[in-house]
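The values are calculated or read from the model by the stated rules, or taken from the named source; none is laboratory data. The model shown is predicted, which means the values in this text are computed figures rather than measured ones. Neighbour counts are summed over all protein chains in view; Cβ atoms, including those assigned to glycine, are modelled from backbone coordinates with ideal geometry. Heads up: the accessible areas ignore ligands, DNA and RNA and are worked out on the full protein's heavy atoms, side chains in. Shrake-Rupley method; radii C 1.70, N 1.55, O 1.52, S 1.80 Å.
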Amino acid sequence: MTVFGNEAKHEIVRYLADGQASYLGAIVEGTRLPRSTVTPHLSELEDLGVVIGDIPHGQRKGRSVLYTVNRERMAELLEAWVTYVFGAESVNYFLDGGYIAEAGHRHNSAKDLP
């Protein structure tokens with residue numbers, strides 16, 4: 001669950017979550033994180049299947065990679081995390097917005113959650 005435990009990874013995923021594929025330079029600029037921070041986290045997110053590059057690892061030498069977020073994989077990891085934290089019976093309730101609705105409002109970011 002390392003994808004949920006690091007603010008830099010959160011920012012990278014949030015940046016890519018708008019659905020627009022982006023190159024490393026745009027991710028660095030959009031997240032305002034140093035390239036030296038983005039590069040290893042982007043690689044780890046790709047290894048986890050959360051981010052997808054358009055060029056396979058072994059074929060990248062000297063080529064720019066276009067990255068996108070893998071929403072299906074994020075949903076799988078989120079479901080696993082919710083199951084772990086809240087229990088299996090809570091998954092649908094939590095993912096369908098019941099937990100957030102009970103709190104009285106929708107949240108724009110994880111920082112807003114109680």
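General remarks:
- Residues that are among the basic types (Lys, Arg) and out of contact with any strand residue (DSSP E or B) (no Cβ under 6 Å at 6 or more places or on another chain) number at least 2 in the following helices (runs of 4 or more DSSP H) confined to segment 1-52: 7-16.
- Some residue of segment 35-50 being in contact with a helix residue (DSSP H, G or I) (Cβ under 9 Å, 6 or more places away or on another chain), of a type in the set (A, V, I, L, M, F, W, C) and farther than 20 Å from residue 79 by Cβ: yes
- When restricted to residues that are aliphatic (A, V, I, L, M), within 24 Å of residue 83 (Cα to Cα) and open to solvent by less than 40 Å² (accessible area, probe 1.4 Å), segment 18-58 contains 3.
- Inter-residue pairs, beta-carbon under 8 Å, first within 20 Å of residue 26 (Cβ to Cβ) and in a strand (DSSP E or B) and in segment 59-81, second of a type in the set (Asp, Glu) and open to solvent by 50 Å² or more (accessible area, probe 1.4 Å), 6+ apart: 66/54; 67/54; 68/54
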